1. Within the stretch 91-115, how many residues turn out to be exposed (fewer than 15 other Cβ atoms within 10 Å of the Cβ) and at pLDDT 95 or above?
2. Sort out which residues of the stretch 257-286 are closer than 30 Å to V117 by Cα and either at pLDDT 95 or above or hydroxyl-bearing (S, T, Y) (or both), and write them in order of number.
3. Determine whether T151 is closer than 23 Å to K38 by Cα and of a type in the set (S, T, N, Q).
4. Could you please give the count of residues in the stretch 174-191 that are crowded, with 20+ Cβ neighbours inside 10 Å and not in a loop (DSSP other than H, G, I, E, B)?
5. Only one of these conditions is not met by I293: (1) more than 21 Å from I137 (Cβ to Cβ); (2) β-branched (V, I, T); (3) at pLDDT 95 or above. Which number is it?
6. May I ask you to list the residues in the stretch 108-134 that are within 21 Å of R285 (Cβ to Cβ) and either of a type in the set (S, T, Y) or free of Cβ contacts under 8 Å to residues at least 40 places away in the same chain (or both)?
7. Being over 24 Å from the mean Cα position of the chain (by Cα) and either modelled with pLDDT under 95 or under 18 Å from A133 (Cβ atoms) (or both), is that true of even one residue in the stretch 11-30?
8. Which count do you get for residues in the stretch 42-60 that are among the β-branched types (V, I, T) and either part of a loop (DSSP other than H, G, I, E, B) or touching a helix residue (DSSP H, G or I) at 6+ places or on another chain (Cβ under 6 Å) (or both)?
Amino acid sequence: MKLNHFIESQQLDKQTIFSLFKKADELKKSNKKMFSKKILATLFYEPSTRTRLSFESAMLKLGGNIISTENAKEFSSAIKGESLEDTIRIISSYADIIVLRHFEEGAAKVAASVSYVPIINGGDGSGQHPTQALLDIYTIWKEIGRIENLTVVMVGDLKHGRTVRSLCYLLGKFKGIKIIFVAPKHLLIKDDIKGYLKRHNVEFEEQTELDRYLPKADVVYMTRIQKERMSNEEYQSAKEMYSITDESLKLLNKNARLLHPLPHIEEIKLSLKTEQEDKRVAYFRQAKNGLYIRMALLSYLLE
């Protein structure tokens, strides 16, 4: 299986996933500069820290070069009215690969339809964030040692959470997965994801309590309430409804892991000491894994 673009998690089969894991492990130990004549363009219409910088760092570590804009919505010809299609046609003539983050769901597919070079979806509205899901599942594999036979508790804004959506698509490829969705009633996971899980025989349930399910979890995947994607009334009703504290962390079994795509706000209230010393707190290692898995993905698409 060979991809020309990476737009959504559904594109990956298990063989490709584990091939990318192997490549990430190899590149973590390698100093080989294999792409000295290649250019990565990072085209971001929404703010980003981890995704943009980890992709740029990944390309630099591989010996390549970067061209970048971190706020293309304001600091590109989009402000003059240029279409995304025209922007991609131009930039794909300057670069060998493009990472696109956009505020509209489906933008990455549109970009891929006109690009001369591979497009990587760095997040499209409330749609998907497949490279985040890839690093998430890589982290689960590294931390727990398996992906099958796991109970995963997903918490927070599941309606707008593109990271949750993408991770569900990947988890659906593995056996023995149970997902417990914990969310306010107005921020439940969308029906298309539930339909996908049913078709792939993935057990799931929807709940509104958190602490009751922490002891059952192998993985707790926290997400922030996305204020920018809802009304102030909706945000206020969900804000701080769920949080992990030093006290609630005691409910997790000793081999469980706490993940978060970051940034975290009020949903994580752990002391600095706990974040630094409790092995169950894995989200900073998770973010670091993003560098290596994105190196592997760039290598896969460019070779």
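1. Residues meeting the conditions: 3.
2. Residue satisfying the conditions is Q286 alone.
3. On the way: closer than 23 Å to K38 by Cα: no; of a type in the set (S, T, N, Q): yes.
Here the answer is no, as T151 does not meet what is asked.
4. Taking the stretch 174-191 as the starting set, the residues that turn out to be crowded, with 20+ Cβ neighbours inside 10 Å are 177, 179-183, 187, 189.
Subset that is not in a loop (DSSP other than H, G, I, E, B): 177, 179-182, 187.
Of the residues in the stretch 174-191, 6 are crowded, with 20+ Cβ neighbours inside 10 Å and not in a loop (DSSP other than H, G, I, E, B).
5. Going through the list (1) more than 21 Å from I137 (Cβ to Cβ); (2) β-branched (V, I, T); (3) at pLDDT 95 or above, I293 breaks only (1).
6. Result: T131, single match.
7. Yes, because at least one residue in the stretch 11-30 is over 24 Å from the mean Cα position of the chain (by Cα) and either modelled with pLDDT under 95 or under 18 Å from A133 (Cβ atoms) (or both).
8. From the stretch 42-60, those among the β-branched types (V, I, T) are 42, 49, 51; that's our starting set.
Narrowing further to those that are either part of a loop (DSSP other than H, G, I, E, B) or touching a helix residue (DSSP H, G or I) at 6+ places or on another chain (Cβ under 6 Å) (or both): 42, 49.
Summing the residues that are among the β-branched types (V, I, T) and either part of a loop (DSSP other than H, G, I, E, B) or touching a helix residue (DSSP H, G or I) at 6+ places or on another chain (Cβ under 6 Å) (or both) in the stretch 42-60 gives 2.
The values are calculated or read from the model by the stated rules, or taken from the named source; none is laboratory data. Since the structure is predicted, the reported quantities are computational estimates derived from the model, not experimental observations. Using ideal geometry, Cβ is built from the backbone for each residue, glycine included, and neighbour counts are taken over all protein chains shown.
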